[in-house]
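In what follows, a single structure is set out as structure tokens and then discussed.
The values are calculated or read from the model by the stated rules, or taken from the named source; none is laboratory data. The structure displayed is predicted, hence computed values, not measured ones. Methodologically, a virtual Cβ is constructed for each residue, glycine included, from the backbone with ideal geometry; neighbour enumeration extends over all protein chains shown.
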Amino acid sequence: MLDLTNIRNEFPMLKKNNLVYFDNAATTFKPYKVINAVMDYYENCSVNVHRGDYDLSFQVSNQFDQAREAVAKYLNATSKEIVFTSGASSSLNLVAYGYGQKYLKEGDVILSTEAEHASNILPWFKVSEVTKAKIEYIPLNEEGILSIENFKKAMHDKVKVVTLAQVSNVLGHKVPMKEICKIAHSYGAVVVVDGAQSVPHLKMDVQDLDIDFLAFSAHKMCGPTGVGVLYGKYDLLQATDPFLLGGGSNARFDICGNILLKNAPYKFEAGTPAIEGVLGLKAAVEYLMDIGMEHIEEYEKELNQYFVEKLRPLEHVVIYNPSGTCGIVTFNVKGIFAQDVASYLSSKGFAIRAGNHCAKILIDVIQASETLRASVYFYNTKEEIDAFIQALSEITLEKCIAVVI
Amino acid sequence: MTYFDQNLMRAIIMDHYTNPRNKKLVEDESYKTKHMASESCIDDIYVQSKIEDGVIKDLRFDGVACTISTSSTSIMTALLKNKDIKQAKHIIAQYRAMLNELDYDSELLEEANCFCNLSKQANRIKCGLIGVDAISELIEENEVSNDEQ
Ligand SMILES: Cc1ncc(COP(=O)(O)O)c(C=O)c1O
């Protein structure tokens with residue numbers, strides 16, 4: 001069981017505001033531990049990381065290395081497999097351009113779904129355009145779920161890259177990643193996992209799942225914005241080209257243009273990194289591991305089920321993912337446009353998102369172009385859900401207009 | 001009649017949202033079409049105009065949008081239909097001034113006066129502008145094409 005009172009006391013955003021925040025799929029609040037880590041860097045050790053010609057730089061470089069180790073521990077990886085990036089989007093672009101574009105050729109296939117976030121499909125559009133490799137989509141079932149049967153049917157010898165979100169940002173369904181990796185590997189394909197919505201919520205074990213590449217953002221897991229991670233199996237990272245070149249990524253270069261790159265992960269980290277962001281991410285993963293990802297996962301599942309159970313009796317509400325488990329509830333209020341519902345709820349102190357969430361699936365599979373998304377994190381409570389349901393049960397079109405005019 | 005009673009303002013919006021005027025596109029070469037897909041929200045509407053001899057002969061729209069976007073587009077298409085370009089531009093300028101909390105001639109805005117408080121909701125002002133932005137662009141494009149001829 002989580003100690004919610006204690007947990008909520010650690011988040012200034014939860015203490016100060018009366019806001020009920022259900023937009024955690026977009027970004028999350030930060031505990032003092034993370035905020036203090038960022039401040040500590042600026043207040044006490046605000047120097048660059050470069051192996052120390054002086055003590056302070058040496059200390060900060062050590063902290064930076066420890067951050068890599070902390071993230072590796074969080075994923076059950078080794079620290080040389082952890083590349084710091086500016087976020088999930090940049091990690092996914094790095095794999096697409098540095099690996100996909102380097103090795104794919106005409107006749108090859110990139111296998112994905114129509115439910116991907118733009119950041120995990122647009123880079124592959126570009127790779128497909130340049131390499132002439134084709135993108136194919138695994139059909140989803142009528143609930144928008146990716147089944148292992150459909151994956152098996154879609155898999156074939158030409159598939160060289162499988163790129164999938166482990167948890168969809170639209171419907172919150174978790175895909176059976178371990179089986180997918182096993183099958184993909186039996187065909188010799190590499191599996192790229194968009195972990196933006198899974199790594200913050202689930203106990204991750206990249207070795208057990210046998211994932212090849214994994215991308216995620218710190219800000220969706222209590223960490224700072226502007227920093228993220230690309231995990232890659234070491235030999236795959238070594239085989240990947242950097243996206244940026246510059247200071248810190250090369251061992252030496254000469255005037256004739258010969259460049260000797262460092263080994264992974266350093267060859268990917270040209271330029272001064274977001275040092276405070278990386279140190280903040282270290283604090284975030286330590287914070288999450290202290291609570292225990294198993295506990296977080298279990299509690300969020302419970303919250304998710306509670307949410308759906310309370311929402312279901314409301315006759316004016318349609319739920320699109322009643323069987324979801326990962327904290328994302330996607331729904332609509334019949335007869336009221338999603339944006340109007342979100343505005344009304346905002347006037348009552350609830351933050352949820354109205355949108356089409358960058359994915360085509362909603363139109364094709366669910367026949368609704370706009371939806372509302374409520375996404376919880378481990379610091380949310382059943383009481384907040386109760387208050388939300390109360391506000392939602394009272395909503396009318398007239399009230400939606402009255403909060404504006 | 002005054003439009004400044006809050007209940008009346010809400011009733012007008014409700015009426016135009018549930019029973020929008022001019023909400024049907026036509027397939028007709030003499031119409032020009034503008035697609036407005038907002039980057040900051042999820043509204044997605046099309047506006048059509050038929051402008052001849054300096055007069056807005058017809059205005060139509062369709063699409064999915066929130067209460068404020070739909071009702072404001074409905075009201076403005078009804079208000080601007082059959083106006084000549086000069087009048088239409090003047091009315092649009094009054095409407096924009098109202099949403100920007102500047103001086104404006106409320107007489108000219110008729111039902112559109114129901115948005116006189118919209119300026120207080122900074123994040124919804126754009127909903128009140130999506131339709132007139134499309135109409136303004138259609139008017140401008142018509143003027144440019146007339147100049148070219
Ligand atoms: C599934 C998924 N992938 C990728 C991203 C991109 O993350 P970021 O914007 O932090 O780069 C998001 C963020 O919304 C997401 O939900």
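I'd like to check something: does region A:255-264 contain any residue that is modelled with pLDDT under 95, closer than 21 Å to A:Ser91 by Cβ and not aliphatic (A, V, I, L, M)?
Within region A:255-264, one or more residues are modelled with pLDDT under 95, closer than 21 Å to A:Ser91 by Cβ and not aliphatic (A, V, I, L, M).
Tell me yes or no: at least one residue of region B:44-62 is more than 30 Å from B:Asn146 (Cα to Cα) and within 14 Å of chain A (Cβ to nearest Cβ).
Here is the first cut: in region B:44-62, the residues more than 30 Å from B:Asn146 (Cα to Cα) are none.
No; the residues of region B:44-62 include none that is more than 30 Å from B:Asn146 (Cα to Cα) and within 14 Å of chain A (Cβ to nearest Cβ).
So A:Glu300 clears everything in (1) modelled with pLDDT of 95 or more; (2) more than 16 Å from the ligand (Cβ to nearest atom) except one condition, right? Which one?
The one condition A:Glu300 does not meet is (2).
Looking at A:Tyr54, is it exposed (fewer than 15 other Cβ atoms within 10 Å of the Cβ), more than 16 Å from the ligand (Cβ to nearest atom), outside the structural domain of A:Phe378 (by TED's automatic domain parsing) and in contact (Cβ under 8 Å) with a residue 60 or more places away in the chain?
For A:Tyr54, the condition - exposed (fewer than 15 other Cβ atoms within 10 Å of the Cβ), more than 16 Å from the ligand (Cβ to nearest atom), outside the structural domain of A:Phe378 (by TED's automatic domain parsing) and in contact (Cβ under 8 Å) with a residue 60 or more places away in the chain - is not met.
Would you confirm whether or not region A:203-212 contains a residue that is away from the ligand (no atom under 16 Å from the Cβ), surrounded by fewer than 20 Cβ atoms within 10 Å (Cβ to Cβ) and under 15 Å from the mean Cα position of the chain (by Cα)?
Scanning region A:203-212 turns up at least one residue that is away from the ligand (no atom under 16 Å from the Cβ), surrounded by fewer than 20 Cβ atoms within 10 Å (Cβ to Cβ) and under 15 Å from the mean Cα position of the chain (by Cα).
Going residue by residue through region A:335-342, is there one that turns out to be away from every other protein chain (no Cβ under 11 Å) and either outside any helix (DSSP H, G or I) or at pLDDT 95 or above (or both)?
Taking region A:335-342 first, the residues away from every other protein chain (no Cβ under 11 Å) are none.
No.
In region B:39-76, what residues are farther than 19 Å from B:Ile125 by Cβ and either among the polar types (S, T, N, Q) or in contact with a Cys (Cβ under 6 Å, 6 or more places away or on another chain) (or both)?
Hits for region B:39-76 are B:Gln48, B:Ser49.
Could you list, in sequence order, all residues of region A:16-42 that are within 16 Å of the ligand (Cβ to nearest atom) and of a type in the set (Ser, Thr, Tyr)?
Of everything in region A:16-42, those that are within 16 Å of the ligand (Cβ to nearest atom) and of a type in the set (Ser, Thr, Tyr) turn out to be A:Tyr21, A:Thr27, A:Thr28.
Please determine whether any residue of region B:17-31 is within 11 Å of chain A (Cβ to nearest Cβ) and out of contact with any Leu (no Cβ under 7 Å at 6 or more places or on another chain).
Yes, there is a match, as at least one residue in region B:17-31 is within 11 Å of chain A (Cβ to nearest Cβ) and out of contact with any Leu (no Cβ under 7 Å at 6 or more places or on another chain).
Here is a check on your reading of the model: is A:Val71 outside any loop (DSSP other than H, G, I, E, B), of a type outside the set (Gly, Ala, Ser) and within 16 Å of the ligand (Cβ to nearest atom)?
Spelling it out, A:Val71 is indeed outside any loop (DSSP other than H, G, I, E, B), of a type outside the set (Gly, Ala, Ser) and within 16 Å of the ligand (Cβ to nearest atom).
Tell me, which strands (runs of 3 or more DSSP E) wholly within region A:226-323 include 2 or more residues that are in contact with a Lys or Arg (Cβ under 8 Å, 6 or more places away or on another chain)?
Once the strands (runs of 3 or more DSSP E) in region A:226-323 are filtered for at least 2 residues that are in contact with a Lys or Arg (Cβ under 8 Å, 6 or more places away or on another chain), what remains is A:250-253, A:259-261, A:317-319.
Does region A:147-159 contain at least one residue that is closer than 20 Å to A:Leu94 by Cα and either away from the ligand (no atom under 15 Å from the Cβ) or under 12 Å from the mean Cα position of the chain (by Cα) (or both)?
yes
As an exercise: evaluate A:Phe216 against (1) more than 15 Å from the ligand (Cβ to nearest atom); (2) closer than 15 Å to A:Ala165 by Cβ and give the number of the one condition it does not meet.
Unmet condition: (1).
When region B:51-67 is examined, which residues are found to be within 11 Å of the chain's Cα centre (by Cα) and crowded, with 24+ Cβ neighbours inside 10 Å? Spell out how you get there, then give the answer.
First, pick out the residues of region B:51-67 that are within 11 Å of the chain's Cα centre (by Cα): B:59-61.
Listed by number, the residues that qualify are B:Leu59, B:Phe61.
Might you let me know whether region B:74-94 holds any residue that is within 14 Å of another protein chain (Cβ to nearest Cβ) and either under 13 Å from the mean Cα position of the chain (by Cα) or not polar (S, T, N, Q) (or both)? Outline the logic, then answer.
Start the filter on region B:74-94 by keeping residues that are within 14 Å of another protein chain (Cβ to nearest Cβ), which leaves B:74-75.
Imposing the further condition that a residue be either under 13 Å from the mean Cα position of the chain (by Cα) or not polar (S, T, N, Q) (or both) reduces the set to B:74-75.
Yes, region B:74-94 contains a residue that is within 14 Å of another protein chain (Cβ to nearest Cβ) and either under 13 Å from the mean Cα position of the chain (by Cα) or not polar (S, T, N, Q) (or both).
Where the second residue is surrounded by 18 or more Cβ atoms within 10 Å (Cβ to Cβ) and outside any loop (DSSP other than H, G, I, E, B) and the first is acidic (Asp, Glu) and lies in region A:254-277, which pairs have Cβ atoms under 9 Å and are six or more apart or on separate chains?
So the pair list comes out as A:Glu269/A:Val83; A:Glu269/A:Phe84; A:Glu269/A:Thr85; A:Glu276/A:Ala37; A:Glu276/A:Val38; A:Glu276/A:Tyr41.
Kindly indicate the residue of region A:86-121 that is hydrophobic (A, V, I, L, M, F, W, C), within 11 Å of the ligand (Cβ to nearest atom) and assigned to a helix (DSSP H, G or I) and also surrounded by the fewest Cβ atoms within 10 Å (Cβ to Cβ) among those meeting that condition.
Checked region A:86-121; the qualifying residue surrounded by the fewest Cβ atoms within 10 Å (Cβ to Cβ) is A:Ala118.
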